[in-house]
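A short write-up of the structure that comes next.
The values are calculated or read from the model by the stated rules, or taken from the named source; none is laboratory data. For clarity, every value in this text was computed on a predicted model and none was experimentally measured. No Cβ is skipped: glycine too gets one built from the backbone with ideal geometry, and neighbour counts run over all protein chains shown.
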Amino acid sequence: MQKSMKYLVPAASLLMSCGIAMSGEPVRSGGQAGASSVSTIHSIDQQAWAAVRDSISDSFATPEGLDALRERIREKVEFLSPEAQERAIQQTLGALNFLAMDLEVGEARAFPPTPLDSCHTPAPDTESRAFVTPRVWPDGDIYYRFSDFIVDTFEDPPEPDDDDPNAFNALESIPNVLAAFLAIEAQTPLRFIGYDPSVHGPGHVEIESNGPDGGCFNVATVGFTGGQNTINICAWNSLTVVVHEIGHCIGFFHEHQRPDRNDFIEIKEENISPVGDGFPGGPLGAGEFVTLPFTGLMVGPYDLLSVMHYPQFAGSILPGDLPVICVLPPNEALQDVVGTVSFFSDRDIAAINSLYGDDNIWTWDPTSLCPTDVDNNQIVEVADILLFMDLLRAQNVFADLNSDGRWDLLDFNIFMNRWQPGFCDPDDPINPFGRPTGVIPG
């Protein structure tokens with residue numbers, strides 16, 4: 001889930017509210033010992049952002065490029081009437097142009113001309129960073145369908161005096177989603193394909209704009225489920241929210257809910273609103289800020305520029321004054337940038353390419369000397385069982401342990417018969433065969 005509104009306050013008051021003096025030194029400690037020595041988490045420039053801008057500029061540069069882009073958009077809106085298709089094409093082109101400008105502004109905010117040196121340690125291009133599920137979409141094909149409400153609203157726009165805010169929000173849904181789809185396709189192996197139940201299997205994502213009781217909120221199913229996924233958005237005018245929710249659909253969990261997040265941010269629980277967060281869409285409770293230790297796989301270091309990160313005032317009892325998320329040194333310069341980017345960071349893109357590209361991160365080998373260390377962290381634990389269950393549900397080739405072409409209870413039983421909690425390292429000279437010792441290091 002993600003919220004759309006951003007708040008900027010004077011740097012001095014903001015840093016003080018996070019317990020950081022203007023010098024950048026902590027004012028007080030609070031379970032964050034050693035945080036100031038943590039390595040930085042983003043590179044000098046975001047190549048993904050630049051690549052998206054260049055791709056859009058190239059498409060707009062020539063009549064041929066623009067015509068090709070128009071046809072790509074038309075292929076994605078064949079479900080609309082001809083008149084509505086033309087409006088969708090024009091508005092999607094406008095949304096792409098806005099995305100390019102927004103990324104340029106975002107890059108200037110994330111990387112000012114005279115930034116703190118501590119914020120500019122380049123990261124190896126080969127490393128991806130994210131908090132992801134193994135439930136990937138087969139072949140990287142994500143089948144989508146807009147709800148009847150969105151399609152009907154776009155076909156027959158509401159009158160100016162219509163008092164249904166959802167209807168006006170929905171007018172921006174198709175163009176902004178298509179702009180995000182096209183930008184993602186330009187950077188990853190993913191393809192977004194209009195869903196046809198007579199041709200495709202049941203696995204698809206339904207894009208909706210209203211809650212079950214007429215409410216309006218931003219939420220999405222994480223990863224491929226084999227059935228109907230859902231992306232429900234209220235803040236259609238925010239590309240940050242649109243891309244964030246698509247990120248969940250692709251397979252991302254929230255970055256700020258990673259188990260290692262306390263080394264990089266501090267959650268001010270006392271600032272979380274017990275009833276709501278002041279954003280359109282209703283309450284955002286403390287549950288959105290807990291860590292999820294057994295949910296997914298952490299890929300690489302923490303990323304404050306991830307589009308899957310919440311902004312500082314999300315869930316705040318007093319937005320604009322009392323932040324919930326405080327960025328710890330040495331990255332405090334990103335305090336008012338975190339959670340506000342409008343597209344995937346370099347490391348988000350690298351994670352998508354790792355999930356869906358040739359260098360798939362799920363290199364777990366069930367025939368190895370550590371046959372149940374699914375996340376390859378040299379510790380066999382409950383998390384590996386949960387990850388294996390995810391692989392079963394996703395019908396991942398690694399999870400078919402008896403090679404019968406089915407992913408069922410027989411595979412799970414084989415896994416559990418092998419599973420033994422403990423330390424497992426084939427390269428350990430004391431334990432060269434990599435069999436668990438029965439003791440998990442503290």
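The table below gives the values:
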item: Residue that is modelled with the highest pLDDT, among those in segment 412-434 that are closer than 10 Å to residue 380 by Cα and not in a loop (DSSP other than H, G, I, E, B); result: 422
item: Residue satisfying all of: in segment 248-285; at pLDDT below 70 and among the aliphatic types (A, V, I, L, M); surrounded by the fewest Cβ atoms within 10 Å (Cβ to Cβ) among these; result: 275
item: Scope segment 81-96; condition more than 13 Å from residue 175 (Cα to Cα) and part of a helix (DSSP H, G or I); matching residues; result: 82, 83
item: Conditions (1) touching a residue at least 40 places away in the same chain (Cβ under 8 Å); (2) more than 27 Å from residue 306 (Cβ to Cβ); (3) not in a loop (DSSP other than H, G, I, E, B): number failed by residue 78; result: (3)
item: Entirely in segment 112-202, the helices (runs of 4 or more DSSP H) that have 3 or more residues that are assigned by TED's automatic domain parsing to the domain that holds residue 96, at pLDDT 90 or above and within 28 Å of residue 310 (Cβ to Cβ); result: 173-187
item: Out of 403, 354, 342, sole residue that is in contact with an Asp or Glu (Cβ under 6 Å, 6 or more places away or on another chain) and either at pLDDT below 80 or surrounded by 13 or more Cβ atoms within 10 Å (Cβ to Cβ) (or both); result: 342
item: Pairs where the first residue, in segment 169-189, is under 12 Å from residue 73 (Cα atoms) and the second is part of a helix (DSSP H, G or I) and of a type in the set (Lys, Arg), C-beta under 6 Å, 6+ apart; result: 178/76
item: Residues located in segment 232-270, provided they are part of a strand (DSSP E or B), touching a residue at least 40 places away in the same chain (Cβ under 8 Å) and closer than 27 Å to residue 144 by Cα; result: 252
item: Among the residues listed as 328, 322, 292, 304, the single one being at pLDDT 85 or above, assigned by TED's automatic domain parsing to the domain that holds residue 233 and over 30 Å from residue 50 (Cβ atoms); result: 322
item: Lone unmet requirement of (1) in contact with a helix residue (DSSP H, G or I) (Cβ under 8 Å, 6 or more places away or on another chain); (2) at pLDDT below 80; (3) part of a helix (DSSP H, G or I) for residue 395; result: (3)
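Okay, residues lined up against (1) more than 23 Å from residue 104 (Cβ to Cβ); (2) assigned to a loop (DSSP other than H, G, I, E, B):
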position: 303; (1), (2): no, yes
position: 308; (1), (2): no, yes
position: 318; (1), (2): yes, yes
position: 321; (1), (2): yes, yes
position: 333; (1), (2): no, no
